[in-house]
Amino acid sequence: MDHATRSDELLYWRDGALEGAALATARYGAHEFGRHVHDELVIVMTEHGAGQCRTRAGSDVSGPGTVWVFEPGEYHCGAVWEDRTWHYRAIYLDMDGLAALSAVFSDDSRNDRQPFIPPGLYHDEQLCGLLLKAHASLDQHGPTPMMERQANWWAAMGMLFGRYGQPKPPERDGGGETQKMAHVRDYIAGHHSRDIPIDELAALVELSRYHLMRAFCKTYGLPPHAYANQLRLIAAKRLLASGHSAADAAVSAGFYDQSHLNRVFKRAYGITPGTYAALKPAR
């Protein structure tokens, strides 16, 4: 059980028994999570207390016996419920992890589709208990043999995807404005390392600045500048994971300086870039 990193509230690690998964335990008192996005599938199981989370679909409050699922790219924010406590365990499945699940659970021999669970809060005490058991057996200080860790993991994943997994719905064609917003989104993705003026984006799709900002926020849940900032965070995470210093990652990803990256990164993910950089891939 490999490469743990600690902050005041969070402990992150990877486990050599798994592929494409990072794990975390969190012990929060009063705390607020800024609006952010993950490029992994995130699964959160509450052990004690409660947390409130807001997504584009609305607001909900977790508690013991619940499982929260956030799909990659889903924007969310939240806080510890009523500033009390929230203790939870979390699983972060990247593209390799999802591909490994697909290879096990897919009936399609071509194996070209990722498993999908509709995002949201699931009230399922049995599932939550099994996920917590699997997660606890993967604790970095635990003596659990690898075969048992893997058996617990696949039993929990099998229940999760067996009960709630379904074919991923096709993306809807929302017409001309949706296509324009997709064009803006892709343009931001290709140029997020620089400060793109709104006028430049508006001219790209021949809309007024006001119309562009309103339509983009309606489509993606964030205004263009906040969307670009989330792409910078994801770029910084990947640079840090590949061995770049926080200073280099900040500049390359498009942040003003390392201090700017530190503030935004800690507010979004609860840990500093340096703490995240110490989380090495499992061998």
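Derivation of every value follows stated rules applied to the coordinates shown; laboratory data play no part. Note that the coordinates shown come from a computational prediction; the quantities given were computed from them, not determined experimentally. In this analysis, Cβ positions are derived from the backbone assuming ideal geometry, glycine residues included, and neighbour counts consider all displayed protein chains.
Here is how the numbers come out for the structure above:
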quantity: On Cα atoms only, tilt of 95-105 relative to the major axis of the chain in degrees; calculated: 50 degrees
quantity: Shape category assigned to the range 1-101 from the gyration tensor of Cα positions, a/c cut at 1.5; calculated: oblate
quantity: C-alpha long axis of helix 209-220 to longest principal axis of the chain, angle in °; calculated: 20 degrees
quantity: Angle between the chain longest axis and helix 125-137 axis [Cα atoms, degrees, rounded to 10]; calculated: 80 degrees
quantity: Helical contribution to [θ] at 222 nm, DSSP H n ≥ 4, -39,500 (n - 2.57), averaged over the chain, rounded to 500; calculated: -13500 deg cm²/dmol
quantity: Dipole of the chain [Lys/Arg +1, Asp/Glu -1 at C-beta], most positive-end residue of His192, Tyr164, Ser242; calculated: His192
quantity: Taking the chain and dividing mean pair separation by its residue count, relative contact order in percent (alpha carbons under 8 Å, at least six apart); calculated: 20 percent
quantity: Amide H contacts of Tyr122 (H built 1.01 Å from N, under 5 Å, at least 5 apart or other chain); calculated: Val67, Trp68, Val69
quantity: Relative contact order %, the range 2-164, counting alpha carbon pairs below 8 Å whose residues are six or more apart; calculated: 24 percent
quantity: All-pairs alpha carbon distance profile, the range 176-277, 10 Å steps from 0, percent; calculated: 16, 44, 26, 14, 1
quantity: Karplus-derived 3J(HN,Hα), 6.51/-1.76/1.60, for each residue of the range 48-57, Hz, glycine and proline x; calculated: 7, x, 7, x, 9, 10, 10, 10, 5, 7
quantity: Euclidean distance of C-alpha centroids, the range 18-64 and the range 219-273, integer Å; calculated: 19 Å
